[in-house]
Amino acid sequence: MRFLSLLAGLGLAACSPGGTAAPPAPQAADTPKGAAAANPPSEARVFRDWIAVCDNGNACFAYGRGEDGIRWIRVAMAAGAEPRPEVAAGRWPDDGAENGPFILTIDETDYPMAFAEDAPDAATLPPARALEVARALADGATARIGPDQVISLAGAAAALLWIDERQGRVDTVTALRRPGRQPASAVPAAPALPVVTPAPAVAQTGFGDQKPALPAALDAVPAVAACRAETGEHWAAHQIMSARLDASTELWAVPCFVGAYNIGHDWYVTGPDGRDPRPARLSSSSGEVTAGTINGGYSPESRTLSAFAKGRGIGDCGIASTWTWTGRAFVLTSESEMSECWGIPADWWPTTWRTR
């Protein structure tokens, strides 16, 4: 499941063919001692027409695709003994469909679903029926949304069994695919998430200009000059960003490329007036480190740098990441990735990294 060729060409982390496990991302200095060992790596698998993803907190997600390319179904399962699965199904918001009755049918059994007011692009199943439906997806021969939108079940059983195995649910009453008589208490507890503490916010006096000029010390860096040559006279060349991280530390973003729906920046942490620049270190859940983002931006109030790399223009696939400035470094605090362009809005993508 290597990610889309566009983003792969830009060096972004992604899932590898066959769902090979990725190494865990480097832990922040803020992480409690021993937490790194407690967190499993984010991992993904492809099972015919289904994909399954589990994050570093062992929250897991399985997705099936509709034959029309804009319908989808998701089974989400948190780690630990208590959680029940959550089942959602949806369609791309701009497909022209009305938000009327939304019915999932598995082997001619109807399961009515409901749209939430704050989530008009996906319908959810009543929690009391979620485990029943997850098992029906695993055992079923056919599934559809509405009267004629077919959802492939090829690979559903394998995807849900893989989640059971990852979370230690096999042969327990909580299992999605292979239930047994063991009690829920036999399921391992969810691993503790890493803790990331943001640095205190600082005043941005003198920063925030929509078109700041690069300081001379930063402009002289060869890699920056290469980026400037790449963007040339394009409008993207003026999309420079800057912020104050503390009294003696600045953050600068240099436009480095532009595409049809993505703009890339390289980020630098510097001293006053751009002196002593060094590339920012932005890690992914796979452990890769880069100084670049796609569609990135920094929020001084939350101390977070965020990016949303689109796999295609409508934004139904790609990678969304957030890093927090701790006073020493930018630390990955959240990441979600949808490797397949199946019409799934970003709010419904699987998480690949979480912190608290």
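The values are calculated or read from the model by the stated rules, or taken from the named source; none is laboratory data. Just so we're clear, the structure is a prediction, and the values are computed from it rather than from any experiment. Every residue, glycine among them, receives a Cβ derived from its backbone with ideal geometry; neighbour counts consider all protein chains shown. Heads up: the accessible areas ignore ligands, DNA and RNA and are worked out on the full protein's heavy atoms, side chains in. Shrake-Rupley method; radii C 1.70, N 1.55, O 1.52, S 1.80 Å.
Here are some residues: GLY140, GLY155. Which one is in contact with a Lys or Arg (Cβ under 6 Å, 6 or more places away or on another chain) and closer than 14 Å to ALA62 by Cβ?
After applying the criteria, what remains is GLY155.
Specify the residue that is nearest to ALA253 (Cα to Cα); the eligible residues are those in segment 226-240 that are out of contact with any Asp or Glu (no Cβ under 8 Å at 6 or more places or on another chain) and open to solvent by 40 Å² or more (accessible area, probe 1.4 Å).
GLN239
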- Taking segment 244-258 as the search range and keeping residues that are out of contact with any helix residue (DSSP H, G or I) (no Cβ under 7 Å at 6 or more places or on another chain) and in contact (Cβ under 8 Å) with a residue 40 or more places away in the chain, which one is most open to solvent (accessible area, probe 1.4 Å)? ALA247
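Within segment 308-317, how many residues turn out to be outside any strand (DSSP E or B), on the phi < 0 side of the Ramachandran plot and open to solvent by less than 30 Å² (accessible area, probe 1.4 Å)?
Residues in segment 308-317 being outside any strand (DSSP E or B), on the phi < 0 side of the Ramachandran plot and open to solvent by less than 30 Å² (accessible area, probe 1.4 Å): 3 in total.
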- Query: Can you name the number of the only condition in (1) open to solvent by 30 Å² or more (accessible area, probe 1.4 Å); (2) outside any loop (DSSP other than H, G, I, E, B) that ALA136 fails?
  - Reply: (1)
- Query: Which ones in segment 318-356 are at positive phi and open to solvent by 10 Å² or more (accessible area, probe 1.4 Å)?
  - Reply: GLY327
- Scan segment 64-71 and give yes if some residue there is open to solvent by 10 Å² or more (accessible area, probe 1.4 Å), in contact with a Ser or Thr (Cβ under 8 Å, 6 or more places away or on another chain), modelled with pLDDT under 95 and in a loop (DSSP other than H, G, I, E, B), otherwise no. yes
- Message: Taking the criterion of being under 16 Å from the mean Cα position of the chain (by Cα), at pLDDT 50 or above and crowded, with 19+ Cβ neighbours inside 10 Å, would at least one residue in segment 22-30 satisfy it?
- Response: no
- Task: Within segment 294-311, identify whether any single residue is touching a helix residue (DSSP H, G or I) at 6+ places or on another chain (Cβ under 7 Å) and at pLDDT 95 or above, and answer yes or no.
- Result: yes
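Pick from segment 158-193 the residues that are within 30 Å of THR326 (Cα to Cα) and open to solvent by less than 40 Å² (accessible area, probe 1.4 Å): which of them is farthest from the chain's Cα centre (by Cα)? I'd like the intermediate steps shown before the answer.
The first filter runs over segment 158-193 and keeps only residues within 30 Å of THR326 (Cα to Cα), leaving 189-193.
The next check asks that each one be open to solvent by less than 40 Å² (accessible area, probe 1.4 Å); those that pass are 191, 193.
Values: PRO191: 19, LEU193: 16 Å.
Of everything passing the filter in segment 158-193, PRO191 is farthest from the chain's Cα centre (by Cα).
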- Message: List pairs: first residue in segment 273-291 and closer than 22 Å to ALA217 by Cβ, second residue among the aliphatic types (A, V, I, L, M) and in a helix (DSSP H, G or I) anywhere in the structure, Cβ distance under 6 angstrom, at least six positions apart or on different chains.
- Response: GLY274/ALA217; GLY274/LEU218; ARG275/ALA217; PRO277/LEU218
- Task: Within segment 268-297, track down each residue that is part of a strand (DSSP E or B) and open to solvent by less than 40 Å² (accessible area, probe 1.4 Å).
- Result: TYR268, VAL269, THR270, LEU282, SER283, GLY292, THR293, ILE294, GLY297
- Query: Which of the residues belonging to segment 74-84 are open to solvent by less than 10 Å² (accessible area, probe 1.4 Å) and assigned to a loop (DSSP other than H, G, I, E, B)?
  - Reply: GLY80
- Do we have VAL196 as among the β-branched types (Val, Ile, Thr), assigned to a loop (DSSP other than H, G, I, E, B) and surrounded by 15 or more Cβ atoms within 10 Å (Cβ to Cβ) here? yes
